[in-house]
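Read through the structure below, which is laid out as structure tokens, and then see the notes.
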Amino acid sequence: MHEMSLCESIISVVEQQAKLNNFTEVKMVCLEVGQFSGVEMEALRFSFDCVTRGTCAENAELKIIETEAQAWCLPCANTVRVTHRYDACPKCGSHQLQVSGGDELKIKELEVN
Ligand SMILES: [Zn+2]
């Protein structure tokens, strides 16, 4: 499961931060997940619970913010919102869209004790 390894890398970043900043308990982890990242939210939550066991984030609340992708339309020179990677431009119907964003997964915020 792809989400499990994602959570493992998130936790290793959190633990690094814990060492650097001398905190012992994480209260909340807020993740930013792009809508094209292919991440299954349910699986992400499940994996997070598994990998945080025995770590400083064991009792942390997981918040997930889903971020939307944007695309630049070449023919009509507009920045438009897309919900699927191969969507047509909602303004002119062109498929010459350059999609940016939507596939990130990063820690947006940590709340610690
Ligand atoms: Zn267009």
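The values are calculated or read from the model by the stated rules, or taken from the named source; none is laboratory data. Source: prediction; values computed, not measured. Virtual Cβ from ideal backbone geometry, glycine too; neighbours counted across all protein chains shown. Please note that ligands, DNA and RNA were not included when accessible areas were found on the heavy atoms of the full protein model with its side chains. Shrake-Rupley method; radii C 1.70, N 1.55, O 1.52, S 1.80 Å.
Some points to look at:
- Of the strands (runs of 3 or more DSSP E) lying entirely inside the chain, those containing at least 3 residues that are within 16 Å of the ligand (Cβ to nearest atom) and open to solvent by 30 Å² or more (accessible area, probe 1.4 Å) are 78-82, 97-100.
- Selection within segment 29-54 - of a type outside the set (S, T, N, Q), under 18 Å from Glu111 (Cβ atoms) and more than 11 Å from the chain's Cα centre (by Cα): Val29, Arg45, Phe48, Asp49
- Annotation note: Cβ proximity below 9 Å between a residue of segment 33-51 that is among the acidic types (Asp, Glu) and a residue that is assigned to a loop (DSSP other than H, G, I, E, B) and open to solvent by 50 Å² or more (accessible area, probe 1.4 Å) (sequence gap 6+ or interchain) occurs for Glu40/Met1.
- Conditions (1) touching a strand residue (DSSP E or B) at 6+ places or on another chain (Cβ under 8 Å); (2) on the phi > 0 side of the Ramachandran plot; number of the one not met by Thr79: (2)
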